[in-house]
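Engineer: For reference, the structure I am asking about is given below.
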Amino acid sequence: MKKLKITLLNFLLVLLVLNNNLVSAQSDQDKTSDTEKTEKKKKKKKKKKVRLPEIDLSHWKVTLPVANDKGKPIEIEPPEIFDFPNIEVAKPYMYIDSTLGAIVFHAMPTESKTRNTKYTRSELREQMEPGNNNVNWTFAQGGKLKGKIQMEQATKDSDGKYHRTIIMQIHGRLTNEQRDLIGEDDNNAPPILKIYWDKGKIRIKTKVLKNLNASDTEILHEDAWDNDEGFNFEQEVGFRKFTLEVQVSDGKMVIILNGNEYKVYDSIHMKRWGVFENYFKAGNYFQTRDKGAFSKVRFYELEVSH
């Protein structure tokens, strides 16, 4: 009987030891599992998702608000522009925000100004033939420009109102023959379209002829054209993302905000504008000389076609 009791006690002791070992092993396994989970979480935090903007720079050059040794704004054309994130002179003014997937254009008043303006810019200029400014398009040939944009930052003036900037343009250009015909020393013509971010709203300015009876030669002169009264879209975009689309055809120009608000220009002024060549511009053409002022504009997408 005593032997039976001793055997049962030994059996119970073995069971107790085995159970303790199992509990201990499970505890160690749980700790290992928790440690692995913690390490995985840390790795996930370290691995930030990199996003790149959906913008092909094959047919664009950029003008920066910094001067070269001749006092003119620095420009970067294809193929160098493809590597703009690694170009030291471009880094402060045109750079990628890889967390948001946007190119940021940063502009402020500097001494680096293009001809015929007092303002500075970090802005793309379309080049239909990369590296060549002499190949452009007419309204009869048509064109489309579409971008997804967001104002990142803008300073305020002394009245507490945000400084404005031009985010898209269609700029006119004289052919070499037109330039020589009217005796000009450059190919500059007026911009038929300026689209502003203006105190949180999108504002459009275009050109109108002063004299509708002027000849095709007379209207080549810049002073033959005047500014229209301008147009504001009803929607306020503020500092949120928005889309802008410009559609150009013979004698007609359409601007679309967020796919649901339209402004159409199809007057005689548009028809007469057909005499000029044109090119698209997009970026940050800052419209103030106030000390310490600046703005930053994000472009998430930019598409051009003809």
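The values are calculated or read from the model by the stated rules, or taken from the named source; none is laboratory data. Bear in mind that the values here come from a model prediction, so they are computed numbers and not experimental data. Counting neighbours? That spans all protein chains shown, and the Cβs are built from the backbone with ideal geometry, glycine included. These accessible areas exclude ligands, DNA and RNA; they are computed on the full protein's heavy atoms, side chains included. Shrake-Rupley method; radii C 1.70, N 1.55, O 1.52, S 1.80 Å.
Engineer: Pairwise over distinct Cα atoms, reciprocal of the mean inverse distance: report the Kirkwood radius of the stretch 153-200 in Å, one decimal place.
Structural biologist: Working: mean 1/r = 0.0760 Å⁻¹.
The answer is 13.2 Å.
Engineer: May I ask you to list the chymotrypsin sites (Phe, Trp or Tyr not before Pro) in the stretch 44-97 that are in a DSSP loop and have at most 12 other Cβ atoms within 10 Å of their Cβ? Display every interim value, and only then the final one.
Structural biologist: Details: sites: W60, F82, Y93, Y95; in loops: Y93.
Counting only loop positions with at most 12 other Cβ atoms within 10 Å, none of the chymotrypsin sites (Phe, Trp or Tyr not before Pro) in the stretch 44-97 qualifies.
Engineer: Between beta-carbons, use under 13 Å as the cut-off and find the net charge around D228, counting Lys and Arg +1, Asp and Glu -1. Don't skip to the answer; put the middle values down first.
Structural biologist: Working: positive: K194, R203, K205, K207, K210, K263; negative: D226, E229.
Net charge in that neighbourhood comes out at +4.
Engineer: Å³ per residue of the Cα convex hull, for the stretch 188-236?
Structural biologist: Numbers: hull volume 3.9 nm³, N = 49.
It is 79 Å³ per residue.
Engineer: If the cut-off is a Cα-Cα distance under 20 Å, which aspartates and glutamates reach K118, setting aside same-chain residues fewer than 8 apart in sequence?
Structural biologist: D69, E75, D157, D185, D186, D198, E222, D223, D226, D290
Engineer: Leaving out ligands, DNA and RNA, and with a 1.4 Å probe, what % of the accessible surface on the stretch 92-223 is carbon or sulfur?
Structural biologist: Details: 2420 of 5750 Å².
Roughly 42 percent, rounded to a whole number.
Engineer: Dividing the convex hull volume of the alpha carbon atoms of the stretch 128-243 by its residue count, what do you get in Å³ per residue? If you can, show how the numbers build up before the last one.
Structural biologist: Values: hull volume 19.6 nm³, N = 116.
So the per-residue hull volume is 169 Å³.
Engineer: Right, next: Going by amide H atoms built from the backbone, whose H comes under 5 Å of the H on E301, apart from near neighbours?
Structural biologist: It is K148, by chain and number.
Engineer: Expressed as a whole number of Å, what is the distance separating the alpha-carbon centroids of the stretch 142-181 and the stretch 272-295?
Structural biologist: 3
Engineer: Take the Cβ-Cβ distance between N188 and D290 as r, set R0 to 30 Å, and report the resulting FRET efficiency rounded to the nearest 0.05.
Structural biologist: Efficiency for this residue pair is about 0.70.
Engineer: Continuing with the same structure: Using 0.36 nm per residue of separation minus the Cα-Cα distance, give me the extension gain between N116 and R203 in nm, one decimal. All intermediate terms of the calculation are to be shown ahead of the outcome.
Structural biologist: On the way: separation 87, 0.36 × 87 = 31.32 nm, distance 2.19 nm.
Full extension of this stretch gives 29.1 nm more.
Engineer: Convert each backbone phi in the stretch 97-108 into a coupling constant with the Karplus relation 6.51 cos²θ - 1.76 cosθ + 1.60 (shift: θ = phi - 60°), then list the ³J(HN,Hα) values in order as whole Hz, x for Gly and Pro.
Structural biologist: With coefficients 6.51, -1.76 and 1.60, one gets 8, 6, 7, 9, x, 9, 8, 9, 10, 10, 9, 7 Hz.
Engineer: What FRET efficiency comes out for the pair N232/E54, r = Cβ-Cβ distance, R0 = 45 Å, nearest 0.05? Please list the in-between numbers first.
Structural biologist: Values: r = 28 Å, r/R0 = 0.63.
Efficiency, from the Cβ-Cβ distance: 0.95.
Engineer: Averaged across orientations, what area in nm² does the convex hull of the alpha carbons in the stretch 191-306 project? All intermediate terms of the calculation are to be shown ahead of the outcome.
Structural biologist: Working: hull surface 33.8 nm².
Computed as one quarter of the Cα hull surface, the answer is 8.5 nm².
Engineer: How much length, in nm to one decimal, is gained on full extension between K241 and N132, taken as 0.36 nm per residue of separation minus their Cα-Cα distance?
Structural biologist: Values: separation 109, 0.36 × 109 = 39.24 nm, distance 3.23 nm.
Extending this stretch completely gives an extra 36.0 nm.
Engineer: With a sphere of radius 10 Å drawn around the Cβ of I166, what net charge do the other residues whose Cβ falls strictly inside it have (Lys, Arg +1; Asp, Glu -1)?
Structural biologist: Numbers: positive: R121, R164, K194, R203, K205, K281; negative: E123, D198.
Cβ neighbours under 10 Å give a net charge of +4.
Engineer: OK, next. Indicate the gyration tensor shape class of the stretch 94-156 (rounded, prolate or oblate), computed on the Cα atoms with a ≥ b ≥ c the square roots of the eigenvalues: a/c under 1.5 is rounded; otherwise a/b larger than b/c is prolate and the rest oblate.
Structural biologist: Values: a/c = 2.09, a/b = 1.31, b/c = 1.59.
Oblate shape, in that a/c is at least 1.5 and b/c is the bigger or equal ratio.
Engineer: Beyond 30 Å between alpha-carbons counts as too far, so tell me which of K72/K296; K199/K252; K144/K201; K161/K210 fall in that bin.
Structural biologist: Working: K72/K296 22 Å; K199/K252 28 Å; K144/K201 22 Å; K161/K210 32 Å.
Listed pairs above 30 Å: K161/K210.
Engineer: Report the gain in length on full extension from L181 to E152: 0.36 nm times residue separation, minus Cα-Cα distance, nm rounded to one decimal. Don't skip to the end; give the middle numbers.
Structural biologist: On the way: separation 29, 0.36 × 29 = 10.44 nm, distance 4.43 nm.
Additional length available on full extension: 6.0 nm.
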